[in-house]
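**Student:** Pasting a structure here, questions to come.
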Amino acid sequence: MKHCYLIGYPVSHSLSPVMHNAAFKRLGLDITYSLAPVEPGRLGAYVNDLRRDDFLGASVTIPHKVEVIRHLDTVDATASAIGAVNTIVHGDGRLEGYNTDATGAVKALREEYGELEGAEIVVLGAGGASRAVCYQLSRMDCSLTILNRTADKARRLADSIRDASYARIKCGGLAELGERIGGADILVNATPVGMSPEVNASPVPFKLLRPGLFVYDVIYNPLNTKLLIEAQTVGARTLGGARMLVYQGAEAFQMWTGREAPVETMLEAVLSSLGGRRR
Ligand code: ATR
């Protein structure tokens, strides 16, 4: 039997074990995925101990996504550019780091919205989630505006991805939201505003929502945030964070097993854990 872990602190509320174990079972693989709560001071020792034969790979979550990098043997270009690893793959005693949050988030958006080339995209937030989304969007010929409560942090994120970017990148504070949203095709919420248990909060005033805007909230708990519900009320198309969660996991699954991930099984597992229904 081989083992996969979710390394984080705390990790008890994660949906990743349910999602990955459903996938391993579906394909009849003798692999388990379990929680590894690792206190920050123990991360190095824990990761060093993973170069053993029965270790297949791991997911990495808060607060270890940045710190884990210095304990790995290699880090791929995307994860390096983002400065965060969410997936470890064990190959021949070597630990490799990847970032599937970035690719998973944009794959979900492209699938639901359509081609992103030429789109005007506004992203709210400049933390870890935003960084992954913005880096991946910057690989495309689109227009990207990063708005954050702390405008200076949006500027630093914009500066850090601008050099290698194909996108036109702008940034600012939340005071610019009304003006920027007016010309946008897509609005992405990459802040935790609206996440359980603060489900009555939305990062966007209702009056700024309109039918032609596509609204993507990377939050998956709740499945339908206040922002998404209000966007649906005005007739806007929406996408929640469950598919991003599943796609980042599916990509990791493929790297660990060499098999195509049973995406629908993984999505069912996530939706049923969150009490949701298939769309
Ligand atoms: P994550 O890894 O989920 O992105 P993070 O790195 O802590 O979490 O980043 C959270 C982001 O959401 C930040 O951009 C934060 O804004 P600040 O940089 O000003 O702190 C933003 N955020 C958090 N709470 C917010 C709120 N109540 N209103 C607006 N933005 C908020």
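**Student:** Does anyone have the angle between helix 263-273 and the longest principal axis of the chain? Alpha-carbon axes, 0 to 90°, nearest 10?
**Tutor:** The angle comes out at about 80 degrees.
**Student:** Sort H90, H20 so the one with the fewest other Cβ atoms within 10 Å of its own Cβ comes first.
**Tutor:** Ranked by crowding around the Cβ, least crowded first: H90, H20.
**Student:** Turning to a different aspect of this structure: Using a Förster distance of 25 Å, how high is the FRET efficiency between I229 and V18, based on the Cβ-Cβ distance and rounded to 0.05?
**Tutor:** With a Förster radius of 25 Å, E is 0.50.
**Student:** Contact order normalised by length for segment 3-94, with contacts defined as Cα pairs under 8 Å and 6 or more residues apart; what percent is it?
**Tutor:** 34
**Student:** Over the chain, what relative contact order in percent results from Cα pairs under 8 Å that are six or more residues apart?
**Tutor:** 17
**Student:** Right, next: Using Cα pairs under 8 angstrom and six or more residues apart, how large is the relative contact order of segment 158-249, in percent?
**Tutor:** 24
**Student:** Relative to the first principal axis of the alpha-carbon coordinates of the chain, what is the inclination of helix 100-113, with its axis defined by its Cα atoms, in degrees from 0 to 90 and to the nearest 10?
**Tutor:** Compared with the principal axis, the helix lies near 40 degrees.
**Student:** Now, a different point. Would you mind ranking H64, H13 so that the residue whose beta carbon has the fewest other beta carbons within 10 Å leads the list?
**Tutor:** Listed from fewest to most nearby Cβ atoms, that is H13, H64.
**Student:** Can you sort D141, D185, D49, D92 from fewest to most other Cβ atoms within 10 Å of each residue's own Cβ?
**Tutor:** D92, D49, D141, D185
**Student:** Whole-Hz ³J(HN,Hα) for each residue in segment 8-18, computed from phi via Karplus 6.51 cos²θ - 1.76 cosθ + 1.60 with θ = phi - 60°, x for glycine and proline: what do you get?
**Tutor:** Per-residue couplings from phi come out as x, 6, x, 10, 5, 8, 6, 8, 4, x, 4 Hz.
**Student:** Around C171, which amide H atoms from residues at least 5 apart in sequence, or from another chain, sit under 5 Å from its own amide H, with H modelled in the peptide plane?
**Tutor:** Here I146 satisfy the definition.
**Student:** Could I ask something else about it? What ³J(HN,Hα) values, in whole Hz, does the Karplus curve 6.51 cos²θ - 1.76 cosθ + 1.60 give for segment 139-153 when θ = phi - 60°, with x put for Gly and Pro?
**Tutor:** 7, 10, 7, 9, 10, 10, 10, 9, 10, 9, 3, 9, 4, 5, 5
**Student:** Right, another one. Mind giving me the nanometre distance, one decimal, between the label points for R42 and V263, set 7 Å out from Cα along Cα→Cβ?
**Tutor:** Placing both labels 7 Å along Cα→Cβ, they lie 3.7 nm apart.
**Student:** Cα-based Rg of the chain per 2.2 N^0.38 Å, rounded to two decimals?
**Tutor:** 0.99
Rule-based calculations on the coordinates, nothing more; no lab input. Computed from a prediction, not measured in an experiment: that's the story for all the values here. All Cβ positions, even for glycine, are placed from backbone atoms using ideal geometry, and neighbour counts span all protein chains on display.
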